[in-house]
Amino acid sequence: MANNQRGGGIQRPNGATQNKICQFKLVLLGESAVGKSSLVLRFVKGQFHEYQESTIGAAFLTQTVHIEETAVKFEIWDTAGQERYHSLAPMYYRGAQAAIVVYDIQNQDSFVRAQTWVKELQRQASPNIVIALAGNKADLAASRAVDYEEAKQYADENGLLFMETSAKTAVNVNEIFLAIAKKLPKNEGTGPQQNIRPSGNETNRTSGNCCSK
Amino acid sequence: MAQASEIDEYGFKRCQEEMRFIEENKDFFTKLTKQLMAWEALNNRTNPFFKSTMLKNFIRKGVPLNLRKQVWLKMSGSQRLIQLHPNLYEDLFRNQFQKEIVDSIKIDIPRTFPDNIYFDKYKVSLYNVLSAFASHNPIVSYCQGLNYIAGMILIVCAGDEEATFWLLKHLVEIVSPEYHTKTMKGLKRDIEVVTELIKIRLPVVNEKMNELGLPWIVIMTKWFICLFAEVLPIETSLRVWDALFSEGYKIIFRTSLAIVLILKDDIMKVEDINELAELFRNISKDVRFINSHEFMKFVFSLKLKRREIQVLRRNYSSIN
């Protein structure tokens with residue numbers, strides 16, 4: 001059912017010898033009920049549920065997007081939003097090469113919380129992590145509480161990708177993942193952070209480069 | 001023979017795998033009927049649920065839905081507590097609930113069992129029970145995941161809020177202490193304990209998990225927080241709860257170990273983290289878990305001493 005090409009980008013016929021596959025770990029963070037799981041569900045399965053069940057701990061899914069000759073496979077770690085699950089979060093963002101920090105455009109508090117997540121990632125996550133800020137529920141702009149301009153300015157100042165998204169209408173969902181995919185380093189040997197897997201008790205291991213020909 | 005209904009007796013939609021299991025295992029239902037008759041006979045006695053080895057064994061074979069509330073209340077000691085504190089639940093509503101907490105509960109109400117066809121009528125009760133519990137136990141307050149536990153109890157208790165409150169209190173405070181608090185100290189400790197049990201019993205599987213890079217805590221947080229609700233198939237999770245109310249926390253460890261043992265060959269065959277996550281995600285659709293009789297038999301057959309858990313708990317209690 002999952003259509004690997006849906007992520008956008010340029011479709012490539014199978015068997016094109018120049019195709020590269022890159023795998024990246026991406027984590028979703030943000031306050032409870034801002035739409036993290038809904039963004040993932042829209043991106044991975046093209047679906048939307050008005051009442052998405054709350055995520056306990058974390059959920060894990062994958063999806064691939066294509067950029068020119070490269071297939072970018074995202075390992076997506078979707079996390080629980082409630083504050084008390086916060087102490088488990090480092091385990092999820094450890095070794096992540098990308099993060100989407102999500103807030104609800106109707107909820108100022110969730111925007112403040114998103115900024116806290118960004119700070120934490122900048123301090124604790126891999127130094128080269130690509131961070132995107134998603135102002136979700138853009139379809140409900142009529143009850144907007146966070147200005148587009150304000151969020152955009154914050155994102156620019158902090159070097160974040162930024163889009164307002166709607167998991168419900170699909171606006172900017174593929175686009176934000178694609179933008180991240182474009183920004184991620186896809187050359188061989190681009191750094192030791194590639195493909196670091198999370199692990200419970202031991203230190204991170206590296207398992208070579210992200211890309212294979 | 002009539003075809004199995006697509007909706008189970010709790011109001012959940014059955015998956016295809018469960019439909020197929022029902023079609024192919026008529027003897028499973030013969031067993032259920034026999035068991036129901038035995039329980040009816042027991043229930044007709046003067047003091048039916050007197051705690052005894054016989055009752056424990058009856059419960060291990062599963063409590064029929066119509067007797068579950070009664071048996072759970074009795075075995076957990078909640079029935080006695082209700083008699084001792086008959087107004088406690090009602091009185092909790094005299095206080096103003098904290099807005100911030102109530103708001104976080106409200107977010108989760110429509111997200112609890114959205115596909116269950118009966119659950120709409122329990123939503124107000126779910127809100128009441130969770131808010132009352134949060135105010136009664138400020139250390140736990142509200143933790144996401146309690147909505148599933150309280151929701152399942154409400155379904156079993158046909159909307160009896162007071163019974164649900166006391167049974168929830170028992171599971172959260174006695175059976176899974178400090179799992180749902182702000183530090184989640186008990187949760188982290190007990191997942192370390194299960195990890196150690198797996199290391200001892202299945203070192204190869206544990207190594208494989210390390211190699212794939214998926215820590216047990218990522219998989220097991222939901223198991224422990226929800227006490228297997230939303231993890232195991234509905235009937236199987238309720239069978240686990242029958243045992244939890246009757247025998248206590250040890251059942252959490254037995255159940256976790258049983259799941260890992262059943263999946264061990266599949267785990268060894270998995271090639272990447274994606275397949276591994278898929279494997280654990282599909283537990284609720286896997287016939288080895290849908291067959292609640294066989295699964296519970298396996299759970300009870302495991303050799304696991306309370307003492308072993310206690311020693312490990314002590315070793316890991318200093319973590320975090």
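The simple Förster model, with R0 at 45 Å and r as the Cβ-Cβ distance, assigns residue B:29 and residue B:315 a FRET efficiency of 0.50.
Averaged over the residues of peptide B:143-149, the number of Cβ atoms from other protein chains lying within 10 Å of each residue's Cβ is 4. The stretch between residue B:301 and residue B:278, if pulled fully straight at 0.36 nm per residue, gains 5.6 nm over its current Cα-Cα span.
Buried between B and A is an accessible area of approximately 2800 Å², summed over both sides with a 1.4 Å probe. For residue B:204 and residue B:123, a Förster radius of 45 Å and the Cβ-Cβ distance give a FRET efficiency of 0.45, rounded to the nearest 0.05.
Using only side-chain charges placed at the Cβ, +1 for Lys and Arg and -1 for Asp and Glu, the dipole size of the stretch B:85-175 relative to its Cα centre rounds to 140 debye. Per-residue surface analysis assigns residue B:82 an accessible area of about 40 Å², computed on protein heavy atoms at 1.4 Å probe radius. Averaged over its residues, the stretch B:236-320 has an accessible area of 42 Å² per residue, based on protein heavy atoms and a 1.4 Å probe.
Each Lys and Arg Cβ is given +1 and each Asp and Glu Cβ -1; about its Cα centre, chain B then shows a dipole of about 1320 debye. Peptide B:102-113 has a mean shielding of 3, counted as Cβ atoms of other protein chains within 10 Å of each residue's Cβ. In the protein assembly as shown, helices alone account for a calculated mean residue ellipticity at 222 nm of -14500 deg cm²/dmol, with every DSSP H run of four or more residues adding -39,500 (n - 2.57). Could you report the accessible area of residue B:53 in Å², rounded to 10, computed with a 1.4 Å probe on the protein chains as they sit in the structure? Per-residue accessible area (residue B:53): approximately 100 Å².
The spacing between the stretch B:148-212 and the stretch A:75-144, judged by their C-alpha centroids, is 26 Å.
Inverting the mean 1/r over all pairs of different Cα atoms, compute the Kirkwood radius of the protein assembly as shown and quote it in Å. Hydrodynamic radius (Kirkwood, Cα pairs) of the protein assembly as shown is 24.7 Å.
Expressed as a whole percent, the accessible surface of the protein assembly as shown that belongs to carbon and sulfur atoms is 50, based on a 1.4 Å probe. Ranking B:239, B:313 by solvent-accessible area of protein heavy atoms (1.4 Å probe, all protein chains present), from largest to smallest, gives B:313, B:239. In this structure residue B:124 has an accessible area near 100 Å², from a 1.4 Å probe over the protein heavy atoms. DSSP assigns beta bridges within the protein assembly as shown; of those with both partners inside it, close to 35 percent run antiparallel.
The length gained by stretching the chain between residue A:150 and residue A:182 to full extension, at 0.36 nm per residue less their Cα-Cα distance, is 9.1 nm.
Counting only residues at least eight positions apart within a chain, or on another chain, the lysines with an alpha carbon under 26 Å from that of residue B:199 are B:185, B:188, B:208, B:222, B:250, B:264, B:269, B:297, B:303, B:305.
The antiparallel fraction among DSSP beta bridges confined to the stretch A:14-134 stands at about 35%. The spacing between the stretch A:24-49 and the stretch B:240-280, judged by their C-alpha centroids, is 26 Å. Magnitude of the charge dipole for the protein assembly as shown, about its Cα centre and with charges confined to Cβ atoms of Lys, Arg (+1) and Asp, Glu (-1), is about 1720 debye.
Only lysines eight or more places from residue A:168 in sequence, or on another chain, were considered; those with a Cα closer than 20 Å are A:36, A:45, A:137.
Largest accessible area first, the listed residues A:169, A:79 line up as A:169, A:79 when surface is computed with a 1.4 Å probe on the assembled protein chains. Solvent exposure of the stretch B:18-123, expressed per residue, is 63 Å² of accessible area, with all protein chains present and a 1.4 angstrom probe.
Shown is the FRET efficiency for residue B:95 and residue A:108, computed with R0 = 22 Å from the Cβ-Cβ distance and rounded to the nearest 0.05: 0.20. Over chain B, the ratio between the Cα radius of gyration and 2.2 N^0.38 Å evaluates to 1.00.
The values are calculated or read from the model by the stated rules, or taken from the named source; none is laboratory data. What you see is a predicted model, and the numbers here were worked out from it, not measured in a lab. Please note: Cβ atoms are built from the backbone with ideal geometry, for glycine as well, and neighbour counts cover all protein chains shown. Surface areas here come from the heavy atoms of the whole protein model, side chains and all, with no ligands, DNA or RNA. Shrake-Rupley method; radii C 1.70, N 1.55, O 1.52, S 1.80 Å.
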